[in-house]
Amino acid sequence: MYAKTKKLAVLLIMPLAIMAQAQQKLSVTIRTPIEVDFQKAEIIIGPYELQKNTAINFGIAGLINVQTSKRVSLSGGIGYFRERFAIRRPYNHQTLNPGVDSLPVITKTTNYDYNLVTIPLGIQYLVTNNQAPISIGIEYIPGFAVSSSYNGEKPFASANNKRTGLTFFSHIVNLTATFSFKLPHNNLFGIEPYVRLLHCYKKDAVLYENSSETITRNFDAIGVYFFYRITFYH
């Protein structure tokens with residue numbers, strides 16, 4: 001009986017010890033990305049056209065970071081990201097204005113935006129741990145569109161050019177490098193440059209595309225996170 005009780009006590013204490021150890025290395029990060037997105041689109045309505053352009057996108061996110069070992073930490077959180085495509089292309093205004101008996105004219109965007117809720121998940125490896133720590137990492141970010149807008153020409157003055165509704169839009173893989181500076185209480189401030197290794201996103205029916213298909217691109221964006229990290233236990 002004593003042996004069983006001792007074994008049960010160990011089983012109960014071990015998870016608590018692990019949680020306590022993790023709790024000593026818990027921090028919260030607020031970060032804002034600025035991203036340069038290299039874009040291209042094949043226009044298939046009318047004469048074939050391949051457009052290329054760049055767009056500046058931005059957002060904000062909050063992350064919880066847990067250091068699982070001396071060198072490795074995990075992170076996860078939630079954020080917002082404005083994904084703009086600086087492409088001029090036809091869009092189906094009748095999809096956005098159902099029931100309106102308008103002329104079947106082709107109107108074009110100057111650009112179009114997706115407002116995304118993102119769920120960044122990452123792993124980082126600490127390279128140096130001094131007054132200016134350096135880390136490398138990789139992150140996976142699924143994105144869910146809550147609204148989209150098609151900016152540019154309208155078929156009539158009061159036409160709606162926005163669409164709302166939560167839909168899965170994209171998933172992204174970024175390679176990151178973190179350069180930070182230690183503040184009092186082991187808090188950190190720094191920058192985190194990144195390159196987008198994979199960008200896979202849904203086609204859009206409003207743009208005369210098949211929404212069941214996706215577009216996959218590689219190495220199509222670079223950016224930088226500006227962040228502030230608050231350490232609660234150290």
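What number of residues within region 42-100 satisfy the criterion of being assigned to a strand (DSSP E or B) and either among the aliphatic types (A, V, I, L, M) or touching a residue at least 12 places away in the same chain (Cβ under 8 Å) (or both)? First the steps, then the outcome.
So in region 42-100, the residues assigned to a strand (DSSP E or B) come out as 42-43, 49-67, 72-85, 90-91.
If we keep only those that are either among the aliphatic types (A, V, I, L, M) or touching a residue at least 12 places away in the same chain (Cβ under 8 Å) (or both) too, we end up with 43, 50-67, 72-85, 90-91.
Number of matching residues: 35.
Would you mind finding the one in F219, F168 that is of a type outside the set (S, T, N, Q) and not in a strand (DSSP E or B)? Explain how you work it out, then say what you get.
On the way: F168 fails: not in a strand (DSSP E or B).
Testing whether each residue is of a type outside the set (S, T, N, Q) and not in a strand (DSSP E or B) leaves just F219.
On the given criteria, is L198 within 20 Å of L63 (Cα to Cα), open to solvent by 20 Å² or more (accessible area, probe 1.4 Å) and modelled with pLDDT of 90 or more?
Against the criterion (within 20 Å of L63 (Cα to Cα), open to solvent by 20 Å² or more (accessible area, probe 1.4 Å) and modelled with pLDDT of 90 or more), L198 does not qualify.
When the residues of region 99-113 are filtered to those that are open to solvent by 30 Å² or more (accessible area, probe 1.4 Å) and modelled with pLDDT of 85 or more, which remaining residue is farthest from I56 (Cα to Cα)?
Filtering region 99-113 for residues open to solvent by 30 Å² or more (accessible area, probe 1.4 Å) gives 99-101, 103-106, 108, 110.
Checking which are modelled with pLDDT of 85 or more leaves us with 108, 110.
Details: K108: 21, T110: 15 Å.
Going through the qualifying residues, I end up with K108.
If you scan region 134-161, which residues turn out to be among the hydrophobic types (A, V, I, L, M, F, W, C), open to solvent by 20 Å² or more (accessible area, probe 1.4 Å) and part of a loop (DSSP other than H, G, I, E, B)?
Once the filter is applied, which keeps residues that are among the hydrophobic types (A, V, I, L, M, F, W, C), open to solvent by 20 Å² or more (accessible area, probe 1.4 Å) and part of a loop (DSSP other than H, G, I, E, B), region 134-161 yields F156, A157.
Working only within region 35-88, note down all residues that are open to solvent by less than 40 Å² (accessible area, probe 1.4 Å), at pLDDT 90 or above and within 19 Å of E209 (Cα to Cα).
Passing the criteria: Q39, Q51, E83, F85, A86, I87.
The values are calculated or read from the model by the stated rules, or taken from the named source; none is laboratory data. Because the structure is a prediction, the values reported are computed rather than measured. Every residue, glycine as well, gets a Cβ built from its backbone with ideal geometry; the counts of neighbours run over all protein chains shown. Side chains included, ligands, DNA and RNA excluded: accessible areas come from the protein's heavy atoms. Shrake-Rupley method; radii C 1.70, N 1.55, O 1.52, S 1.80 Å.
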